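Heads up: the structure comes next, in structure tokens.
The values are calculated or read from the model by the stated rules, or taken from the named source; none is laboratory data. Please read these numbers as outputs of a predicted model, since none were measured by experiment. Positions of Cβ are generated from backbone atoms using ideal geometry, with glycine treated the same way; all protein chains shown enter the neighbour counts. Keep in mind that these areas ignore ligands, DNA and RNA; they rest on the heavy atoms of the full protein, side chains included. Shrake-Rupley method; radii C 1.70, N 1.55, O 1.52, S 1.80 Å.
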Amino acid sequence: MDAKKTKRIEKIFPDYFDRFKLPFGAREESLKVYRACRSGKCDRASFLPSFEEHGYQLNPSADPEDPGQYSLSTFEKPTHVKRFAGATSDMEVPYQIAIGFTDPKHGLVQRTRERKKKSGSHVDWWLYRDATPYDEFEMIIDFEEHLNAYIQERDKENERICQYR
């Protein structure tokens, strides 16, 4: 086996992944998602998995068996990332939100609703060691403008669908 393949196999996931089991259905998939960026930039500090972001500690108020505690939280809908940012005490208005894709070269994803009874657009992204997911994202200059355009487009689409019922 050549050195590149060996290195790829050795660097798959961080060491702490032996603390939990990836859920059935976690897969390589490219999804358009949003990420709330604490640093205000698309950088490592804004793209840490929850376990690393919390100082390599589990959230004591969450289920210790939940594999989501080890993932990077992203959202498919801008309305949901805004709600998340608003609920996070250290994020201030205007929220710094990035948009991008879950490129499979960085890890595995799963829509949280596939394993939990949730209707939200949360996507768990379990990153490979040394992944740079922020390379696949760009900051949204005016998130409120972006959000309003999204809502208008969504409402137009819903209206179009309702006309055919």
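Considering only protein heavy atoms, with the full assembly of protein chains and a 1.4 angstrom probe, order Arg83, Arg115 by accessible area, largest first.
Arg83, Arg115
Restricting to DSSP H runs of at least four residues, report the calculated mean residue ellipticity at 222 nm for the chain, -39500 (n - 2.57) per run over all residues, nearest 500 deg cm²/dmol. Before the final figure, lay out each step's value.
Values: 4 runs with 43 residues, N = 165.
That calculation yields -8000 deg cm²/dmol at 222 nm.
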Accessible surface of the chain [probe 1.4 Å, protein heavy atoms]: carbon and sulfur percent: 50 percent
So, for the chain, what is the accessible surface per residue at a probe of 1.4 Å, expressed in square angstrom? 62 Å²
Can you run phi through the Karplus equation (6.51, -1.76, 1.60; θ = phi - 60°) for segment 35-47 and list ³J(HN,Hα) in whole Hz, with x for Gly and Pro? 9, 7, 10, 4, 7, x, 9, 8, 9, 4, 4, 8, 10
If you put +1 on each Lys and Arg Cβ and -1 on each Asp and Glu Cβ, how big is the dipole of segment 25-74 around its Cα centre, in Debye rounded to 20? 360 debye
Would you kindly find the accessible area of Glu157, with a 1.4 Å probe and non-protein molecules such as ligands, DNA and RNA excluded, rounding to the nearest 10 Å²? 70 Å²
Would you mind pulling out the separation of the Cα centroids of segment 126-165 and segment 17-52, in Å? 17 Å
In debye to the nearest 20, the charge dipole size for segment 114-165, taken about the Cα centre with +1 at each Lys and Arg Cβ and -1 at each Asp and Glu Cβ, equals 620 debye
Please list, in order along segment 146-163, the HN-Hα scalar couplings obtained from phi with the Karplus expression 6.51 cos²θ - 1.76 cosθ + 1.60 (θ = phi - 60°), rounded to whole Hz, x for Gly and Pro. 4, 4, 4, 5, 4, 5, 4, 5, 4, 5, 4, 5, 5, 5, 4, 5, 5, 5
What is the extension gain from Lys21 to Glu114, computed as 0.36 nm multiplied by their sequence separation minus the C-alpha to C-alpha distance, in nm to one decimal? 31.9 nm
Taking H placed 1.01 Å from N in the peptide plane, check which residues at least 5 places from Gly107 or on another chain put their amide H under 5 Å from its amide H. Tyr128
Can you give the charge dipole size of the chain about its Cα centre, rounded to the nearest 20 debye, using +1 on the beta carbon of Lys and Arg and -1 on the beta carbon of Asp and Glu? 580 debye
Note the listed values [x] 14.7; [y] 13.7; [z] 11.9, then indicate which one is mean projected area of the Cα convex hull in nm² calculated from this particular structure. [z]
Tally Lys/Arg at +1 and Asp/Glu at -1 over every other residue whose Cβ is under 11 Å from the Cβ of Ala85; what's the total? +2
